[in-house]
Amino acid sequence: MALLAKAPEGRVAALLAAAMARPVFDWLRAPEIGSAMVRGRAGGTGAPFNLGEVTVTRCALTLESGEVGHAYIQGRRKADAEAAALVDGLMQGPAAEQVRKAVLEPLEAERKDRVSKRAARAAATKVEFFTLMRGED
Amino acid sequence: MYVAVKGGERAIESAHAWLAEERRGDTSISELGIPQIREQLKLSVDRVMAEGSLYDPDLAALAIKQSRGDLIEAIFLIRAYRTTLPRFGASSPVDTGAMSCDRRISATFKDLPGGQILGPTFDYTHRLLDFKLAAEGELPQAPTREATPGNVPHVTEFLNREGLIEEAPHDDTPPPDLTREPLEMPADRALRLQALTRADEGFTLGLAYSTQRGYGRNHAFVGELRIGAVAVEMDIPELGFAIEIGEITLTECETVNQFKGSKTEPPQFTRGYGLVFGQSERKAISMALVDRALRWEELGEDNVGAPAQDTEFVLYHADNIQATGFLEHIKLPHYVDFQSELELVRKLRREAGATETQEAAE
């Protein structure tokens, strides 16, 4: 579910569409936009405090075969929430393996690539100190 | 006295139509798109999200476009929109120790596990205007190097091992929320931190600077400053467990402050804390300094009467939307108020005149 929430806009739907025909489903809760209050901790480890809100889209649906899919994803992205809930539902049914290969694995690889590209840029800005010879001793 | 209260509609409509035209500017120049603002004016977007107290880069970019770049007006738009959203819940406290750091520096230790990572910083630039940016040019490729996997530990952990720094013990008390209950004194640290993280950057900077210049001095070192992405996790009632719902960029600053000890505390280093949405280190450092100054009471320090030590003064004046709302309302029609003032002054003058005439007559 973390991969689905962090995927770029439209990506989950595109991967799913490439893998299979659009599954038939009924809404349990149509996509709805709201917020979540993000918390931090004083000093990083101490008592929690409210940092501010983040926009969130949520929905829930039932697949024709009966599985219930849920989605809670950051941002105002109704189509992405729908795609995420479909994948969540499909992962509980017979198509799980197919969906893992066609959707989750590519998402994971793409995410790893994005994260490592950023980390590599950060690593290039790491300071390497050296001490100059001072002539004494 | 009766004063005309109608008649402005046509003028207001024309003013708003002209505002829209002025916002667009010269139509022979291409229009600014929301993605352009989001990607290329990122630090403005970050400030609007932090002080608007809502993390949504696209909405912040839209607000900046609508407000013609007036960031406080943009923050106002975001705050107003925020109130229309139903709240689904609260996240688990974010784990900044697990941050994917774009930047991580310490001014207190040169060699530390994880190293000093400068990130995309303005520091060490020459602050000379770069005219290459005025012409469309080729973008140089940022160099890369193999990154060390794993989390970057917090600097304060090292000092903690020697017991030289006050601890921030784990605690799970649900924090108060000033967006739900009005801000009242006395404010505990959780409430102060919430107010400070959404406080005006300029006001917070000014107060923090005042502590450095001696008004409530507390000798801050930047123990650590880090910027990067953290996961946001929330308990989902339908599922019965917590899931990651997304990822946000945060700036965190931990200050290490000299402390000679007091009646209640041993000599040790104390801590100030800043945590802000987006990449905003000026704000995060300022927040940490002001947080530390406001902690004088719990640490048993003297109140020297410095503005940054006065919780009520700081928290009641730090919010730029409250401030600008009250300040700017005085430009709106006050005809009736003023009419009564005018009557009063006329009356006082008449009375004063009458007394003078009477005195002269006597």
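The values are calculated or read from the model by the stated rules, or taken from the named source; none is laboratory data. Only a predicted model underlies this, so the values are computations on that prediction, with no experimental measurement involved. FYI the Cβ positions are ideal-geometry reconstructions off the backbone, even for glycines, and counts take in every protein chain you see.
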Selection status of A:ALA60, touching a residue at least 40 places away in the same chain (Cβ under 8 Å) and either over 30 Å from B:GLY115 (Cα atoms) or of a type in the set (S, T, N, Q) (or both):
no
Could you tell me whether any residue of the stretch A:8-24 is in a strand (DSSP E or B) and away from chain B (no Cβ under 14 Å)?
no
Going by the structure shown, is B:LEU225 surrounded by 11 or more Cβ atoms within 10 Å (Cβ to Cβ), touching a Cys at 6+ places or on another chain (Cβ under 8 Å), within 14 Å of another protein chain (Cβ to nearest Cβ) and touching a residue at least 24 places away in the same chain (Cβ under 8 Å)?
yes
Under 9 Å between Cβ atoms, at least 6 apart or on separate chains: pull out the pairs that start in the stretch B:57-78 with a residue that is touching a residue at least 60 places away in the same chain (Cβ under 8 Å) and end on any residue that is outside any loop (DSSP other than H, G, I, E, B) and among the acidic types (Asp, Glu).
B:ILE72/B:GLU51; B:ILE75/B:GLU51
Only one of B:PRO120, B:PRO143, B:PRO86 is modelled with pLDDT of 85 or more and closer than 26 Å to B:ARG282 by Cβ. Can you tell me which?
B:PRO120
For the subset of the stretch B:232-284 comprising residues that are over 21 Å from B:SER106 (Cβ atoms) and of a type in the set (Val, Ile, Thr), which member is surrounded by the fewest Cβ atoms within 10 Å (Cβ to Cβ)?
B:THR264
Residue list for the stretch B:143-159, restricted to those being at the interface with chain A (Cβ under 10 Å from one of its Cβ atoms), of a type outside the set (Asp, Glu) and either more than 19 Å from B:GLY274 (Cα to Cα) or in a strand (DSSP E or B) (or both)
B:PRO143, B:THR144, B:ARG145, B:ALA147, B:THR148, B:PRO149
Restricting attention to the stretch B:116-142, the residues that are within 11 Å of chain A (Cβ to nearest Cβ), under 28 Å from the mean Cα position of the chain (by Cα) and not aromatic (Phe, Trp, Tyr) number exactly 7
Go over the candidates A:ARG111, A:ARG118, A:ARG100, A:ARG39 one by one and state the one that is assigned to a helix (DSSP H, G or I), of a type outside the set (Val, Ile, Thr) and within 9 Å of chain B (Cβ to nearest Cβ).
A:ARG118
Of the conditions (1) polar (S, T, N, Q); (2) touching a residue at least 40 places away in the same chain (Cβ under 8 Å); (3) within 12 Å of chain A (Cβ to nearest Cβ), B:SER210 fails just one. Which one is it?
(3)
Any residue in the stretch B:11-22 that is hydroxyl-bearing (Ser, Thr, Tyr), part of a helix (DSSP H, G or I), in contact with a Leu (Cβ under 8 Å, 6 or more places away or on another chain) and farther than 22 Å from A:PHE49 by Cβ?
no
Pairs with Cβ under 6 Å, 6+ apart, first in the stretch B:336-362 and on the phi > 0 side of the Ramachandran plot, second of a type in the set (Val, Ile, Thr) and modelled with pLDDT of 85 or more:
none
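Each row is one residue, and each column tells you yes or no for (1) touching a residue at least 24 places away in the same chain (Cβ under 8 Å); (2) surrounded by fewer than 13 Cβ atoms within 10 Å (Cβ to Cβ); (3) within 17 Å of A:ALA42 (Cα to Cα).
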position	(1), (2), (3)
B:ARG127	no, yes, no
B:LEU133	no, yes, no
B:PRO140	no, yes, no
B:ARG145	no, no, no
B:VAL152	yes, no, no
B:VAL155	yes, no, yes
B:PHE158	yes, no, no
B:GLU167	no, no, yes
B:GLU181	no, yes, no
Check on B:ARG180, in a loop (DSSP other than H, G, I, E, B) and more than 8 Å from every other protein chain (Cβ to nearest Cβ):
yes
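Residue-by-condition table, conditions (1) surrounded by fewer than 22 Cβ atoms within 10 Å (Cβ to Cβ); (2) of a type in the set (Phe, Trp, Tyr); (3) within 14 Å of another protein chain (Cβ to nearest Cβ):
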| residue | (1), (2), (3) |
| --- | --- |
| B:ALA20 | yes, no, no |
| B:ARG24 | yes, no, no |
| B:THR27 | yes, no, no |
| B:GLU31 | yes, no, no |
| B:PRO35 | yes, no, yes |
| B:SER44 | yes, no, no |
| B:VAL48 | no, no, yes |
| B:SER53 | no, no, yes |
| B:ASP58 | yes, no, yes |
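Here is a yes/no grid of residues against (1) more than 14 Å from every other protein chain (Cβ to nearest Cβ); (2) more than 15 Å from the chain's Cα centre (by Cα); (3) in contact (Cβ under 8 Å) with a residue 12 or more places away in the chain:
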residue: A:LEU28; (1), (2), (3): no, yes, yes
residue: A:GLY44; (1), (2), (3): no, yes, no
residue: A:GLU64; (1), (2), (3): yes, yes, yes
residue: A:GLN92; (1), (2), (3): no, yes, yes
Cβ contacts < 6 Å: first residue closer than 17 Å to B:GLY228 by Cα, restricted to the stretch B:25-53; second residue among the basic types (Lys, Arg) and part of a helix (DSSP H, G or I), any location; separation 6+ or different chain. Result?
B:VAL45/B:ARG38
Kindly indicate whether any position in the stretch B:112-129 is closer than 30 Å to A:HIS70 by Cα and outside any loop (DSSP other than H, G, I, E, B).
no
Have a look at B:GLU297, B:GLU281, B:GLU265 and point out the one that is under 30 Å from B:PHE158 (Cβ atoms) and at pLDDT 90 or above.
B:GLU281
Identify all residues within the stretch B:201-222 that are over 26 Å from B:PRO169 (Cα atoms) and surrounded by fewer than 22 Cβ atoms within 10 Å (Cβ to Cβ); write none if there are none.
B:GLU201, B:GLY202, B:PHE203, B:LEU205, B:GLY206, B:TYR209, B:SER210, B:GLN212, B:ARG213, B:GLY214, B:TYR215
